[in-house]
Structure formats: structure tokens, C-alpha cells
Amino acid sequence: MSKGYLQKFIKVDEIHTVAYREYGRPDGIPVLMLHGGPGGKIDFRILDLIDLNFFRVFTIDQRGCGLSTPKGELRANTLFHLISDIENIRQKEKLGKCIIFGRSWGTVLGLMYALKYPQNCLHLILRGIFLGRNTDELWTFEQSKVKFPQQWAEFSDGLTSFRPLNEQFYEKVFSENKKIALFYSSKMTHYFDILATNNVDIPVEPESEENLIANKIFLHYSVHHYFFDDVFWEQHLGELDVNGIHGVILHGGKDNDCLVEQAYYLHSKWKKSTLIVEPDVSHCDNQPEIRKQIQNIFTTLKIYFSHRL
């Protein structure tokens, strides 16, 4: 089947219109794909790994992202709004139970959606686990310097040690002085690319308006602790097993963006999950080992659910 798609939009409130695309078999097993970030975008190369003659895939541009409008809008843009948008799309498309496929920040959304709407979840596929805890944020902005000391020094240069770095970056990136905003946004883009790839030789590129918007959305969520407390996971992850939700956790052993400890923690709390750790893989999905694993997961699910079509 070709990669043809239907571009769709849904007006979710008086401010936001959420864009999403539909691919694949019209009566196929539905898959809701949730991108990273916050402020990220869909990696459409993943569609090459999914049999679109069997699955019906929906890719969702989260509020402020992609073709969703207004671009970069932060009003009414919280975790809870994003979860509501997923459900609104499911209802609009008259879908039953869906496979939820989230990566990075999308794993938070996938887990939160499954906990709120367990009756709508056929299976979870979570790639590159991010849990948004204070310890995870501390790693990203502070402790990752143990892995990349020189690059971290360049990343944090010009900022103080007296306030959390994410708050200082927020102040700079939201500056009314566009040069300051672009300068510090560029620092974020470059350092986060290093964390994601483990490649310290990535050149510094002129910062784009698109990256600036993405980093503003990311910082909006970061300084608000992603709109939930750390204790949430301890209190609620056990409900996945209680509600009979099965899924796959896929992570890279050399992921320095989202440490593998997060995958092990999630697996320890979710007994009905299968944990796959690729030892030499970073956070990026373009690595052959991860692409093969994603393809294998969807092939296995195709065989398992084939009786439903």
C-alpha cells in the first residue's frame, strides 16, 4: 500500500485546532502514534516499519506542533489537554480499542491515556521511556555533564549555578530580545542533539524559528513539571496490570537523553509489559537495531490480531 494519507483537523476548543493524519487500511487495527518533545514532531520514517495493509495508523500533531494551530500556542496547552485531544480524535473517528504507540515524551502521554481510558487500549508500544520525574529532568539539565563535560560547559555557559537551569533557559528563550532567545535556544537544540545521538561532533547550526518554537513548548512543560507530580507513577502504574493492559517497552542501553533506568522502573511496576533493551542503542529511532525491533513488534501484533480482520 502507498504512503497516501488523509490530512484531518479537529477543533478541540476555542483556541486550538489539532492536526492529524490517517494512513493505511480503512478497517485496519487502529494505531494512535504520539510523538516526542514536548514540542516535537512525528518521525514519518517509522511508517515504513508498519504494514499499512493491516494497520490503520493515525499520527497526531500535539497542540502547538506541526500543522496544529495556533503554531506554538501555550495557552490551554497541558498534559491533560493533550490526553483529551487523543480521546477526541478516537471518538471522532469512531474507533474502538487502539494500539497506543508513543516515543520519548509520547510514552508519558501513552501511559497517562492508558491509565485514564484503559477500556480504549488494545496494546501499548512505548519506545525510549521518559517519565518526567524530577530526577529525569535533573539528569537532562545538570547531571548529564558527567557524560559530556565539555559540551555541558558550553551548554550552560552564561548561566548561574544558583537556579535550576531549565528555569534560566525559560527566561532566556522567552526573552523579548530575539537574538538572546535564538542564542539560548540554539544551545538547547545542540546539546539535546548530543544527548540523543551520543555524537559530540554535531556542528552548531543557525537556530531555526521551528526549533525556537519547539524549545519554548518544551520549556513550558519543563518548568511546570509536565503538569503532574512524581508520586503519580508510584500511586497509579499498578493500575495497568489491574486493568489487564499489555505492552512492550523498547529502550536503548546507551540512551543518554532518557536513561535506561526509566525503562527498568516502568517494567518493575507494570508486570504485563515486555522489556526489550538494545544494549548499544541511543535515543534515536533511525538505528537499525531499533527499526528492526519496531518492525518485529508490529509483525507480532499483526499475527496476534489477524483474526480480528
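The values are calculated or read from the model by the stated rules, or taken from the named source; none is laboratory data. Quick caveat, the model's predicted, so the values are computed rather than measured. All Cβ positions, glycine included, derive from the backbone under ideal geometry; neighbour counts span all protein chains shown.
Being part of a loop (DSSP other than H, G, I, E, B) and either among the aliphatic types (A, V, I, L, M) or surrounded by 10 or more Cβ atoms within 10 Å (Cβ to Cβ) (or both) is the filter here; which residues of the stretch 147-162 pass it?
If the condition is that a residue be part of a loop (DSSP other than H, G, I, E, B) and either among the aliphatic types (A, V, I, L, M) or surrounded by 10 or more Cβ atoms within 10 Å (Cβ to Cβ) (or both), then Lys147, Phe148, Gly158, Leu159 are the ones that fit.
Every residue, every condition in (1) more than 16 Å from the chain's Cα centre (by Cα); (2) assigned to a helix (DSSP H, G or I); (3) on the phi > 0 side of the Ramachandran plot; (4) modelled with pLDDT of 95 or more, yes or no:
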residue: Val204; (1), (2), (3), (4): yes, no, no, no
residue: Lys216; (1), (2), (3), (4): no, yes, no, yes
residue: Asp229; (1), (2), (3), (4): yes, no, no, yes
residue: Ile276; (1), (2), (3), (4): yes, no, no, yes
residue: Lys292; (1), (2), (3), (4): yes, yes, no, yes
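Looking at the structure I just gave you, is Asn53 under 18 Å from the mean Cα position of the chain (by Cα) and either touching a residue at least 24 places away in the same chain (Cβ under 8 Å) or at positive phi (or both)?
no
Just one of (1) part of a helix (DSSP H, G or I); (2) crowded, with 19+ Cβ neighbours inside 10 Å; (3) in contact with a strand residue (DSSP E or B) (Cβ under 9 Å, 6 or more places away or on another chain); (4) not charged (D, E, K, R) trips up Leu122, so point out which.
Looking at each condition in turn, Leu122 falls short on (1).
Residues that are surrounded by 17 or more Cβ atoms within 10 Å (Cβ to Cβ) and among the charged types (D, E, K, R): which strands (runs of 3 or more DSSP E) entirely in the stretch 1-86 hold 1 or more of them?
Qualifying strands (runs of 3 or more DSSP E): 17-24, 55-60.
Please name all residue pairs, on different chains or six or more residues apart, with Cβ atoms under 6 Å, provided the first residue is in the stretch 178-190 and is touching a residue at least 12 places away in the same chain (Cβ under 8 Å) and the second residue is outside any helix (DSSP H, G or I).
Matching pairs, first to second residue: Ala181/Ser175; Leu182/Glu207; Ser185/Glu207; Ser186/Glu207; His190/Val204.
Which of the residues belonging to the stretch 194-223 are surrounded by fewer than 17 Cβ atoms within 10 Å (Cβ to Cβ) and of a type outside the set (A, V, I, L, M)?
Hits for the stretch 194-223 are Asn199, Asp201, Pro203, Glu205, Pro206, Ser208, Glu209, Glu210.
Could you please give the count of residues in the stretch 125-146 that are touching a Leu at 6+ places or on another chain (Cβ under 8 Å), of a type outside the set (Asp, Glu) and assigned to a loop (DSSP other than H, G, I, E, B)?
3
To keep it simple, each residue is scored yes or no on (1) closer than 21 Å to His123 by Cα; (2) in contact with a helix residue (DSSP H, G or I) (Cβ under 8 Å, 6 or more places away or on another chain).
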site	(1), (2)
Val248	yes, yes
Asn256	no, yes
Glu261	no, no
Trp270	yes, yes
Ile276	yes, yes
Ile303	yes, no
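Within 28 Å of Leu47 (Cα to Cα) and in contact with a strand residue (DSSP E or B) (Cβ under 7 Å, 6 or more places away or on another chain): which single residue out of Ile303, Ile213, Ile217, Ile245 fits that description?
Ile245
Can you find even one residue in the stretch 32-44 that is among the aliphatic types (A, V, I, L, M), in contact with a Leu (Cβ under 7 Å, 6 or more places away or on another chain) and in contact (Cβ under 8 Å) with a residue 60 or more places away in the chain?
The answer is yes; a qualifying residue exists.
Among the residues of the stretch 177-228, write down those that are in contact with a helix residue (DSSP H, G or I) (Cβ under 7 Å, 6 or more places away or on another chain) and among the small types (Gly, Ala, Ser).
Listed by number, the residues that qualify are Ala181, Ser185, Ser222.
So in the stretch 173-193, with the set limited to residues that are under 19 Å from Leu138 (Cα atoms) and charged (D, E, K, R), which one is surrounded by the most Cβ atoms within 10 Å (Cβ to Cβ)?
Only one residue tops the list, namely Lys187.
Do we have any residue at all in the stretch 248-264 that's more than 19 Å from the chain's Cα centre (by Cα) and exposed (fewer than 15 other Cβ atoms within 10 Å of the Cβ)?
Within the stretch 248-264 (the criterion being more than 19 Å from the chain's Cα centre (by Cα) and exposed (fewer than 15 other Cβ atoms within 10 Å of the Cβ)), the answer is no, since none of the residues qualifies.
Would you call Asp255 free of Cβ contacts under 8 Å to residues at least 12 places away in the same chain and outside any helix (DSSP H, G or I)?
no
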